[in-house]
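Undergrad: Once you've had a glance at the structure underneath, I'll fire off some questions.
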Amino acid sequence: MIIGIIGAMEPEVEALKETMTDKKITNKAQMEFYHGNLWGAEAVVVRSGIGKVNAAICAQILADDFHVDVLINTGVAGSLHNEINIGDIVLSTDALQHDMDAVGFGYALGQIPQMEVWDFPGDRKLLSLAKECCAKVIPDTGVFEGRIVTGDQFISSREKKEWIKKNFAGYCTEMEGAAIAQAAYLNHIPCLIIRAISDKADDSAQMVYSEFLEIAVANSIKLLKEMLQKLSAN
Ligand code: ADE
């Protein structure tokens, strides 16, 4: 089994790349794909860059060139729920794009024109494995399962946050997950988005984000380590 792991930014994948052994680095679309052994599993780790277009290109390369069997998107996100705090983890039940708007053409907000599915599901088996691993390695961290909403926007105002909450009932917001989930769906690859909360997606987001990025990333890395060990044992 080959596990594709995408992070948008360097801090989100740095530790994974450093830990990987027997690695071969391939360049494509200005991205570096690290293919090797990660905690006993065959994995390809890559920094996609930020936003939906980078993320979708990256996921398609993982499908076409590396034939990954599973896609995991790891990173940070802004919380959309009062109970979901900085450092907590959100696992994707589903993911959609909050900035997809063809309402003027008669589509629902968030619906991708001429597509029946626009709310892309997280893989149930990966989700339950992730939950089990969280309970084991980060038992004191809040873990939530819910919808992740993605857009090409860093959400840093209360107004926009409330608009997203009202229209999409998301648990957290970020800038790549639904694009990766869509690419995974189109290629029939099981996918899970794992996001650690770095900020509250409100007026404090910009300041809080940089302060908590490292803590948020550390939780995801612990979880990934346990998940990869389990996946490689199967
Ligand atoms: N990633 C982390 N925090 C975010 C936010 N507030 N908006 C979009 N993406 C994010």
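Undergrad: May I ask what percent, to the nearest 5, of DSSP beta bridges between residues of region 94-206 are antiparallel?
TA: About 20 percent, rounded to the nearest 5.
Undergrad: Please identify which residues in region 162-182 have an amide N closer than 11 Å to a label point set 7 Å out from the Cα of residue 29, following the Cα→Cβ vector.
TA: What the label zone holds, given the 11 Å backbone N cut-off, is 180.
Undergrad: Give the accessible area for residue 186 in Å² (nearest 10); use a 1.4 Å probe, count only protein heavy atoms, and leave out ligands, DNA and RNA.
TA: About 100 Å², rounded to the nearest 10.
Undergrad: Roughly how many Å² of residue 228 are accessible to a 1.4 Å probe, to the nearest 10?
TA: Surface accessible to solvent at residue 228 totals approximately 0 Å².
Undergrad: With every protein chain left in place, what is the accessible area per residue of the chain in square angstrom, probe 1.4 Å?
TA: 44
Undergrad: Whole-Hz ³J(HN,Hα) for each residue in region 151-157, computed from phi via Karplus 6.51 cos²θ - 1.76 cosθ + 1.60 with θ = phi - 60°, x for glycine and proline: what do you get?
TA: Each residue's phi maps through the Karplus curve to give x, 7, 8, 7, 7, 9, 9 Hz.
Undergrad: While we're on this one: So how do 52, 166, 225 rank on accessible area, 1.4 Å probe, biggest first, that is with the largest at the start?
TA: Final ranking, largest accessible area leading: 166, 225, 52.
Undergrad: Still on this structure, I have one more. Using the scaling law 2.2 N^0.38 Å as the reference, what is the normalised Cα Rg of the chain?
TA: Cα-based Rg divided by the globular estimate yields 0.94.
Undergrad: What shape does region 1-97 have by the C-alpha gyration tensor, where a ≥ b ≥ c are the square roots of the eigenvalues, rounded means a/c under 1.5, and otherwise prolate means a/b greater than b/c and oblate the rest?
TA: Prolate.
Undergrad: Provide the solvent-accessible area of residue 81, counting protein heavy atoms only and rolling a 1.4 Å probe, rounded to the nearest 10 Å².
TA: 60
Undergrad: A further question follows. For region 165-234, what does the relative contact order come out to in percent, with C-alpha contacts under 8 Å and a separation of six or more? Walk me through the intermediate numbers first.
TA: Numbers: 27 pairs, mean separation 15.0, N = 70.
With pairs under 8 Å counted, the relative contact order is 21 percent.
Undergrad: I'd like to compare 121-127, 156-162, 23-29: which one has the highest average count of other Cβ atoms within 10 Å, and what's the full order after that?
TA: So the peptides 121-127, 156-162, 23-29, ranked by packing, come out 121-127, 156-162, 23-29.
Undergrad: Relative contact order for the chain using alpha-carbon pairs under 8 Å, separation at least 6, rounded to a whole percent?
TA: Reported relative contact order: 27 percent.
Undergrad: Considering only 55, 102, 130, give the residue with the highest GNM mean-square fluctuation for the chain, with springs between Cα atoms whenever their separation is below 10 Å.
TA: 102
Undergrad: Any chance you could give the angle, 0 to 90 degrees and rounded to 10, that helix 124-137 forms with the longest Cα principal axis of the chain?
TA: Helix 124-137 sits roughly 70 degrees off the main axis of the chain.
Undergrad: Magnitude of the Cβ-charge dipole of the chain, K/R +1 and D/E -1, about the Cα centre, nearest 20 debye?
TA: Rounded to the nearest 20 debye, it is 320 debye.
Undergrad: Straight-line reach only, C-alpha to C-alpha below 16 angstrom: list the lysines that residue 136 could link to, leaving out same-chain residues fewer than 8 apart.
TA: Filter leaves 222, 225, 230.
Undergrad: In whole percent, how big is the carbon plus sulfur part of the accessible area of the chain, probe 1.4 Å, protein atoms only?
TA: In the chain, the share of accessible area belonging to carbon and sulfur is 51 percent.
Undergrad: How high is the relative contact order of region 110-234, in percent, counting Cα pairs under 8 Å that sit 6 or more residues apart?
TA: Here the relative contact order equals 30 percent.
Undergrad: Hey, rough spin-label estimate for residue 131 and residue 114, points 7 angstrom out along Cα→Cβ, what's it come to in nanometres?
TA: A separation of 3.8 nm, rounded to one decimal place.
Undergrad: Any idea how far the Cα center of region 27-98 sits from the one of region 139-185, in Å?
TA: Taking the Cα centre of region 139-185 as reference, the centre of region 27-98 is 14 Å away.
Undergrad: Moving on. If each DSSP helix of 4+ residues adds -39,500 (n - 2.57) and the sum is divided by the residues in the chain, what number results at 222 nm, nearest 500 deg cm²/dmol?
TA: Values: 6 runs with 87 residues, N = 234.
About -12000 deg cm²/dmol.
The values are calculated or read from the model by the stated rules, or taken from the named source; none is laboratory data. Nothing here was measured: the structure is a model prediction, and the numbers come from that model. Reconstructed Cβ throughout: ideal geometry from the backbone, glycine too, with neighbour counts over all protein chains shown. These area figures cover heavy atoms from the full protein model, side chains too; ligands, DNA and RNA do not enter into them. Shrake-Rupley method; radii C 1.70, N 1.55, O 1.52, S 1.80 Å.
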